[in-house]
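The values are calculated or read from the model by the stated rules, or taken from the named source; none is laboratory data. Please read all numbers here as calculations on a predicted model, not as lab measurements. Using ideal geometry, Cβ is built from the backbone for each residue, glycine included, and neighbour counts are taken over all protein chains shown. Please note that ligands, DNA and RNA were not included when accessible areas were found on the heavy atoms of the full protein model with its side chains. Shrake-Rupley method; radii C 1.70, N 1.55, O 1.52, S 1.80 Å.
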Amino acid sequence: MIIDLSKLFDNEGESAGIACALDLGNVARWGRKLFDGPVKVTGRAENRAGIVSVSYAADFILDVVCDRCLTSLARPWRMEFSHIMVLSLNREDNDEFIVIPDGRLDLAELVSSDILLELPTSILCDEGCKGLCPVCGKNLNNGDCGCKRKPRDPRLDKLRELLQE
Ligand SMILES: [Zn+2]
Ligand SMILES: [Zn+2]
């Protein structure tokens, strides 16, 4: 979804509302589809004193599982972002500015990269999640399974990592 901001760059004081539902079904993380349903975006693009900015809120259902016990943690999220848009960079590179040379903004690309950057690196159902039993696969948050589990040997962890690659 492309929004054309070129007119906005030419007109100080002008603004435009943004309201849409993006289909980001192709966005994946940890090998899984990230979103359950569309990502609703509401916001505003405006030119204030010659500076063009885009601010928006994204509402979506994140279809993720706990990193340790794999329990589904699908729930609604809301994130808010604000960016300054420029047609070109005239000073040194600045990551905070988004460069759109022809004034056309790819909203889907912006929204998906914003959300991916904002997500925590690991998602747990609870800080104290006990994870799954490595022997029988039972969710240990629901009680112990009685399996004999050896304490983990950190040297084997390294080996396991290598084998998973
Ligand atoms: Zn968990
Ligand atoms: Zn077990």
- [ ] Starting from the exponent 0.38 and prefactor 2.2 Å, build the expected Rg for region 22-165 from its residue count and divide its actual Cα Rg by it.
- [x] 1.46
Task: Other-chain or far-sequence residues with amide H under 5 Å of Lys138's (modelled H) - done: Cys133
Open item on the list: Among 53-65, 5-17, how do they line up by average Cβ neighbours within 10 Å per residue, starting with the highest?
Closed with: 53-65, 5-17
Open item on the list: Amide H of Val65 versus every other amide H placed in the peptide plane: which residues, excluding those fewer than 5 positions away on the same chain, fall under 5 Å?
Closed with: Leu73
TODO: May I ask which residue of Leu116, Gly128, Asn142 lies farthest towards the positive end of the charge dipole of the chain, with charges of +1 (Lys, Arg) and -1 (Asp, Glu) on Cβ and the Cα centre as origin?
DONE: Asn142
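Percent of accessible area on region 10-54 owned by carbon and sulfur, 1.4 Å probe?
Details: 1180 of 2660 Å².
Here it works out to 44 percent.
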- [ ] Past 27 Å, Cα to Cα, is the threshold; run Lys130/Lys158; Lys7/Lys33; Lys40/Lys138; Lys33/Lys150; Lys33/Lys138 against it and keep the listed order.
- [x] Lys7/Lys33; Lys40/Lys138; Lys33/Lys150
Task: Net charge contributed by nearby residues that have their C-beta within less than 10 Å of Leu140 (K/R +1, D/E -1) - done: +3
Task: Listed residues Ser72, Cys20, Ala49: farthest to the positive end of the dipole of region 1-113 (Cβ charges) - done: Ser72
- [ ] Write down the accessible area per residue of region 7-165 in Å², having rolled a 1.4 Å probe over the full set of protein chains.
- [x] 67 Å²
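Explain nothing, just the number: dipole magnitude of region 7-165 about its Cα centre with +1 on each Lys and Arg Cβ and -1 on each Asp and Glu Cβ, in debye rounded to the nearest 20.
The dipole of region 7-165 has a size of about 1240 debye.
Which value in deg cm²/dmol, rounded to the nearest 500, describes the helix-derived mean residue ellipticity at 222 nm for the chain, given -39,500 (n - 2.57) per DSSP H run of n ≥ 4 and division by the residue count? Can you show the working numbers first?
Values: 3 runs with 28 residues, N = 165.
Rounded to the nearest 500, it is -5000 deg cm²/dmol.
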